[in-house]
1. Work out which trypsin sites (Lys or Arg not before Pro) in the chain are exposed loop sites (DSSP not H, G, I, E or B, at most 14 other Cβ within 10 Å) and give the longest gap free of them.
2. Treating only the Cβ of Lys, Arg, Asp and Glu as charged (+1, +1, -1, -1), what charge dipole size does the stretch 1-117 show about its Cα centre? Round to the nearest 20 debye.
3. Can you tell me the accessible area per residue over the stretch 110-208, all protein chains present, probe 1.4 angstrom, in square angstrom?
4. Give the separation of the Cα centroids, the stretch 407-446 to the stretch 41-71, in Å.
5. Residue by residue through the stretch 383-391, which ³J(HN,Hα) values in whole Hz follow from phi under the Karplus form 6.51 cos²θ - 1.76 cosθ + 1.60 (θ = phi - 60°), with glycine and proline marked x?
6. Normalised by the residues of the stretch 109-229, what does the relative contact order come to in percent, with Cα pairs under 8 Å and at least six apart?
7. Any idea what the dipole of the stretch 291-439 comes to, in debye rounded to 20, about its Cα centre with Lys/Arg Cβ at +1 and Asp/Glu Cβ at -1?
8. In whole Hz, what ³J(HN,Hα) sequence does the stretch 365-378 give by Karplus (6.51, -1.76, 1.60; θ = phi - 60°), x for Gly and Pro?
Amino acid sequence: MLSKGIRNQYFATICANLATLIYGLSVGWLSPNLELLLSSATPLSSGPINASEAGWIGSIGTVGCVLAVLICGWVAEIAGRKAALMLIGVTQLASWVMVIFASNLNMIYTFRILGGFAGGGTLSVIPLFVSEISEDKIRGSLGAVLSITCNIGILLGFILCYYLDYYTVTYIALTCCILYSIGCMFLPESPQYLFTKEKKDRAIKSLRFYRGEADNESSKFISEVARFKEMRNNAPKDSTRRVQLHIKDLLNKSTLKGILICVIVMMFHPMSGSVPLITFTDSIFRESGSDLPPATCAMIVAAIQLVGSYVSSVTVDNVGRKVLLITSALGCAICSATMGTYTFLNVSGVDLSYFKWIPVTTLSGLVFITAIGIAIVPFIIMPEVLEPRVRGFVMTWCLLEFHALAFLVVKFFPTVVAKLGLHAVMWFFSCCCVASALFVIFYVPETKGKSFEEITESLDSEKKAVPKQSTLDV
């Protein structure tokens, strides 16, 4: 049976990630409703949209994501992680209210920007919050909940939007937004954040909740409090007692290596091909020549992605982050290459009547393998390899990089496919995945089950020092 502390950590993680589920719902909303907005049955009084406007609806959400990384990251540092979570809830509520009253394209754009803001906020704040409240032994599993809830939301978005009325789905989303906001109100603030702000009494009370400790603390609890205090005491301060970030904090070896790892691994997901696949599911399956209805294909893809994220959550603290990243990247490379070859042969006039199962199989395999590794593990690794003093600053810029790259991929995907063909694009994604796997093999350390201090030491250590360390241990 799980201890009280672990149950509290799971409760807080699930509660915070309800925002991720709502964001996933807005992602799943996109593909089926683009078809509706393009048709004569559009709910917009301004009439059907055109293909160019549909492309902007698909990509403009990343504008909100970029704004969220800057604003939510700032709020999380100044007002606290909990305040940033509440801001996400308010933004999500406003975005779905906008759908109810949407009568023209600009209101749909606003919905997508606000939804993107909430999504960017979840990716910047929730991994940080979960990392700070969790114990080392379950940090990876709790971090993977973000991917599970997002994929549940995407699957629900596909199912609900294909089978329920346009406005009914909106009211369901609004109900989820209200439940999320209520739940976050009762969550204690991150104890690590409270320690950095020198709010010792509140920090210890919060840590008691997340560790399930009574007034009589265990030795493990006392040592964790001492570790947080030491982290706070080692941070540079000015006369106002606020933690200050200096250039020299970014220039030591372990920090530079951690920053480089974060910058590169955050490219893995956008360049895997899964982002445009989810955004343009219907059109990709038509382009590939699949006989299955696009709605069926979309739900299959979302369900498989959900299974993949669950597999990641139960394996990330067992097999390790590095193994999942390598397996995921190489698997995506194989699936993308296979899909590209099939599409090339199809447009070349080769008879593929006996291989119509390949598009849905390879693309489903792509989203599954993406979900078990490169879709979520980078968000787990990022707060692990960065020192607390630089974590917020570096994560903000890495998330900006992630959303900017995702925007470019989604925006120009239809254009590049039209000019070069789907096969060329899938082959390009395959090459990117191979490069990702090589980077992980030669540069990324394993962080499974390690404390922040142990990870920092591994980033700072030279290979020649390894035998010496082994001798001392003996």
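The values are calculated or read from the model by the stated rules, or taken from the named source; none is laboratory data. Just so you know, these numbers come straight off a predicted model, no measurement behind them. Here the Cβ is made from the backbone with ideal geometry for all residues, glycine too, and neighbour counts use every protein chain on show. Side chains are part of the model used for accessible areas, which takes the heavy atoms of the whole protein and leaves out ligands, DNA and RNA. Shrake-Rupley method; radii C 1.70, N 1.55, O 1.52, S 1.80 Å.
1. Here the longest run is 1-240.
2. Dipole magnitude for the stretch 1-117 comes out near 520 debye.
3. 35
4. 24
5. Those phi angles translate into x, 7, 8, 9, 5, x, 5, 10, 4 Hz.
6. 21
7. My answer is approximately 200 debye.
8. Values, residue by residue: x, 4, 5, 5, 5, 4, 5, 7, x, 6, 7, 10, 4, x Hz.
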